[in-house]
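Take a look at the structure set out below.
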Amino acid sequence: MILDRRTVLTGLALAPSIALAREVAPVWVFDFETSPRTPYDAAVGHGWEAGPGALFSVRAPEGDYRITLDLGGDKASETTVKAEARRLMLEGVRVAPRKTETRTIVVNVRRPDLAPPPPNAPGGTRVLLNPREEGSYAWDDKLTLEFCGPTAAVRRIRVEPFTVPTLFLAGDSTVTDQRFEPAAGWGQMLPRFFKPEVSVANHAESGETLKSFLIERRLDKILSQIKPGDWLLIQFGHNDQKTQWPQSYAEASTTYRDYLRVYAGEARRRGASPVFVTSMHRHRFDATGKVVDTHGDYPKAMRETARELGVPLIDLHAMSAVFYEALGPKEAWKAFNDGGKDMTHHDNYGAYQLARCVVEGIRASVPDLAAHLSTDLAPFDPTRPPSPDTFALPPSAAASQEAPRGN
């Protein structure tokens, strides 16, 4: 990471509380042209995180932020930018020596807090986070940016509150912002494919089902923020099918469909548009090189419920089979976590290509959302995916060999 010498903060002082910060609506400008890193200081509310990597944080209230980045330095640089828990925002921005490239991104910041329910009403005041989520940048009181790549360089950061349409994601481990390398979910790749006029709020979490997502107040959190003109992408199935998980199991022909109706109805009641996404296949091939379907009747149930409700459908189940079979049994493992030993979760390459499949589904089925896709996107053909050996995405500093929840 290339940085210069001094940090200057201008704008309003950091507010001491969420409520006050919302009233003040601060704008922060951080200038790194002439100073070394200043470590994050909770009393000040901004600075560089301790540990490996180049992560800059500013304490910020919940909401959406437009961030203007001046990238570049004295030497040639190439910078990939991620936000919060490894959410891909900018990919490989190259800048010539002593030049500056300005890029704008939109980052969603959230906290687990919920408004208290009225007296005597059921409910709670927080999302029920699991132990692995505690301490994650995805749920803390900061907006965090990570600058990745051996020559990454940033001159200046401007952060300001920004109101835009929001694309909410509800799903499981294959969608979530995976906290640690080498695992990745397609949802954390998705922001890279949109113009900075839409915010992507990925509420998916490992191990979740339609039922548990509701029980843990994750859907409540989305519904507390969703507004007319927003979208809600919904992908569940990997864990819903597990009869050995009796408290979160949803049977394909009955309760699974019922929960889908609830999610779609709650989104529509608030003026937002639901979109269903069928679950991608696991990493299993038969002797002829064809993908083995392990999802039973769940993709069919989602397709039929989408038709019944008139909800747009992105058939990632079908597209992932085409993608895996195009790679073939000898190469498909390179799309999966833990060197292919993980049969469910993906690595950066796999998650990135699945996100491109989702983008193609958006183009085909959700035209109002497709209008916000980046203009640099070429069509993606899952029958002809790029080779895993040519894919390069600078890794984040956070890494762990612990497998994600669910399978």
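The values are calculated or read from the model by the stated rules, or taken from the named source; none is laboratory data. Because the structure is predicted, anything quoted here is derived from the model rather than measured. So basically every Cβ, Gly included, is an ideal-geometry build from the backbone, and we count neighbours across all protein chains shown.
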Look at Pro299 and say whether it is of a type outside the set (Lys, Arg), assigned to a loop (DSSP other than H, G, I, E, B), in the same structural domain as Glu197 (by TED's automatic domain parsing) and buried (at least 17 other Cβ atoms within 10 Å of the Cβ).
no
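Scan the stretch 256-278 residue by residue and report those that are in contact with a strand residue (DSSP E or B) (Cβ under 6 Å, 6 or more places away or on another chain) and within 30 Å of Glu325 (Cα to Cα). Quick ask: steps written out before the conclusion?
Step one: of the stretch 256-278, the residues in contact with a strand residue (DSSP E or B) (Cβ under 6 Å, 6 or more places away or on another chain) are 263-264, 267, 272-277.
Of everything in the stretch 256-278, those that are in contact with a strand residue (DSSP E or B) (Cβ under 6 Å, 6 or more places away or on another chain) and within 30 Å of Glu325 (Cα to Cα) turn out to be Pro274, Val275, Phe276, Val277.
Condition first: assigned to a strand (DSSP E or B) and of a type outside the set (Lys, Arg). Now tell me which residues in the stretch 94-115 satisfy that.
Val95, Glu101, Thr102, Thr104, Ile105, Val106, Val107, Asn108, Val109, Asp113
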Quickly run through the stretch 62-103 and pick out the residues that are crowded, with 19+ Cβ neighbours inside 10 Å and among the basic types (Lys, Arg).
Arg66, Lys82, Arg86, Arg87
Selection from the stretch 50-102 of residues within 30 Å of Pro112 (Cβ to Cβ), in contact with a Gly (Cβ under 7 Å, 6 or more places away or on another chain) and of a type in the set (Val, Ile, Thr) yields Val58, Thr80
Residue ID - modelled with the highest pLDDT, chosen from residues in the stretch 33-47 that are touching a Lys or Arg at 6+ places or on another chain (Cβ under 9 Å) and more than 24 Å from Pro61 (Cβ to Cβ)
Glu33
Is there any pair with a first residue in the stretch 326-345 that is more than 20 Å from Arg405 (Cβ to Cβ) and a second that is among the basic types (Lys, Arg) whose Cβ atoms are under 9 Å apart and which are 6 or more apart or on different chains, and what are they?
Ala326/Arg384; Leu327/Lys334; Trp333/Lys341
Note on the stretch 60-83: residues within 14 Å of Asp140 (Cα to Cα) and either over 20 Å from the mean Cα position of the chain (by Cα) or among the small types (Gly, Ala, Ser) (or both) are Ala60, Gly63, Ala83
Can you tell me which residue is nearest to Asp140 (Cα to Cα) among those in the stretch 48-59 that are hydrophobic (A, V, I, L, M, F, W, C) and at pLDDT 95 or above?
Val58
Identify, please: which residue in the stretch 219-245 is farther than 30 Å from Val164 by Cα and among the polar types (S, T, N, Q) and is, among those, surrounded by the most Cβ atoms within 10 Å (Cβ to Cβ)?
Asn239
Examine the stretch 64-74 for a residue that is without any contact (Cβ under 8 Å) to a residue 60 or more places away in the chain and either hydrophobic (A, V, I, L, M, F, W, C) or in contact with a strand residue (DSSP E or B) (Cβ under 9 Å, 6 or more places away or on another chain) (or both), and state whether such a residue exists.
no
Number of positions in the stretch 153-186 that are touching a Ser or Thr at 6+ places or on another chain (Cβ under 6 Å) and crowded, with 24+ Cβ neighbours inside 10 Å:
4
